[in-house]
Amino acid sequence: MKICTTSTEKTLQSEIDPRFGRSQYFVIYDTKTKENEIIKNPYTDGGGAGTKVGQLMIDKNINLVISGEPGPNAKFVLDQAGIKFQNADLTKSVEENINNISI
């Protein structure tokens, strides 16, 4: 399973960024390989960020997104692609959220 969390910085110990479309970074964790990839969000400026980030999740073969609540357009893209969504616990780190997945 590939999990993507939003992040304020480029580490697993970072705080979750509550913004999906305008998150600073995305931490992609593969539960099979135990490897992670951290990418800077290329869509923080301009309109349509949520939809573009939703498409990025599809392109990266993400199965589950952990973040603050996405906007309606981003949620539509995720739902159409069959990507599950879990609200993040904003009091916990990226790593803690990944370790506590409930889906």
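What the table shows:
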quantity: Candidate aspartates and glutamates - alpha carbon under 16 Å from Lys40, same-chain residues fewer than 8 apart omitted; calculated: Glu9, Glu15, Asp17, Asp59
quantity: For region 57-62, Karplus couplings with θ = phi - 60° (6.51, -1.76, 1.60), whole Hz, Gly/Pro x; calculated: 4, 5, 4, 8, 6, 6
quantity: Choice from Glu37, Glu15, Glu69 showing the highest fluctuation, given a GNM over the chain with Cα pairs closer than 10 Å; calculated: Glu37
quantity: Protection-proxy order for peptides 83-94, 50-61, each taking the mean of Cβ atoms within 10 Å per residue, highest first; calculated: 50-61, 83-94
quantity: Percent of Cα pairs exceeding the 20 Å cut-off, where the set is region 36-103; calculated: 29
quantity: Cα-Cα over 21 Å, subset of Lys2/Lys75; Lys2/Lys52; Lys32/Lys75; Lys32/Lys60; Lys60/Lys92; Lys52/Lys84; calculated: Lys32/Lys75; Lys60/Lys92
quantity: Region 63-78 - phi-based ³J(HN,Hα) in whole Hz, Karplus 6.51/-1.76/1.60, Gly and Pro as x; calculated: 9, 9, 10, 10, 6, x, 4, x, x, x, 5, 5, 4, 4, 4, 4
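We did not get these values from a lab; they are worked out from the coordinates using the rules stated. Since the structure is predicted, the reported quantities are computational estimates derived from the model, not experimental observations. A quick note on method: Cβ atoms are made from the backbone with ideal geometry, for glycine too, and the neighbour counts reach across all protein chains shown.
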